[in-house]
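S.K.: Just passing along the structure, written as C-alpha cells.
The values are calculated or read from the model by the stated rules, or taken from the named source; none is laboratory data. Small disclaimer: the values here were computed from a predicted structure and weren't measured. Ideal geometry is used to build each Cβ from the backbone, glycine not excepted, and the neighbour counts take in all protein chains shown.
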Amino acid sequence: MREDRRRRYDDGFRREALALIKAGAGRDTLARRLAMPRWTAEKWIILYRSGGEEAVMGGNGSRRYDWETKVAAARDHVENGMTKTEAMARHGIASIVDWQRCVRRFLRGQVPVR
C-alpha cells in the first residue's frame, strides 16, 4: 500500500494517475491503486474528460470565467441536458468548484458573480 499523499500530489504522481485514467480506470480503481481519496480520483477523471491532461496537471493556474460563459455552461447542463463533463469541456471550465457554484446560482435564479 502506498503512503497517504492527500496533501501533496507531485507531477510524477499525477502522471501515474493520468496513465491509469487513459487506460480506462474508474474512480474506485484509481483511488485504490494510488491510495488516494475516491473524491479526488473522481475529480481528476472529470477534469481529464473536460480539460485534458493539463487540467489534471494543474497547468493553467487560477482561471476566471466571464459571466456569459458561466451562464451558458449552466444553461447547457440544466436546460439542454448536457452532462457536467460535456458542458465543462464545451465552455473551457476546468474548475469543478466554479462549476458547482455556477450551477447552484443558476438554479436559484441568481446571476453568477464575475
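S.K.: Restricting to the stretch 32-53, what's the tally of residues that are surrounded by fewer than 16 Cβ atoms within 10 Å (Cβ to Cβ) and of a type in the set (A, V, I, L, M)?
M.R.: 1
S.K.: If a residue has to be surrounded by 13 or more Cβ atoms within 10 Å (Cβ to Cβ), assigned to a helix (DSSP H, G or I) and under 17 Å from the mean Cα position of the chain (by Cα) to count, how many in the stretch 16-31 make the cut?
M.R.: The number of residues fulfilling the criteria is 7.
S.K.: Would you pick out the residues in the stretch 49-73 that are part of a helix (DSSP H, G or I) and of a type in the set (Lys, Arg)?
M.R.: If the condition is that a residue be part of a helix (DSSP H, G or I) and of a type in the set (Lys, Arg), then 49, 70 are the ones that fit.
S.K.: Oh, and also: Inspect the stretch 36-48 for any residue being modelled with pLDDT under 95, outside any helix (DSSP H, G or I) and outside the structural domain of residue 87 (by TED's automatic domain parsing) and give the result as yes or no.
M.R.: Among the residues of the stretch 36-48, at least one is modelled with pLDDT under 95, outside any helix (DSSP H, G or I) and outside the structural domain of residue 87 (by TED's automatic domain parsing), which makes the answer yes.
S.K.: Can you name the residue in the stretch 84-105 that is surrounded by 20 or more Cβ atoms within 10 Å (Cβ to Cβ) and in a helix (DSSP H, G or I) and is also modelled with the highest pLDDT among such residues?
M.R.: 87
S.K.: Among (1) under 15 Å from residue 55 (Cα atoms); (2) at pLDDT 85 or above, which single condition is residue 81 missing?
M.R.: Status for residue 81: all satisfied but (1).
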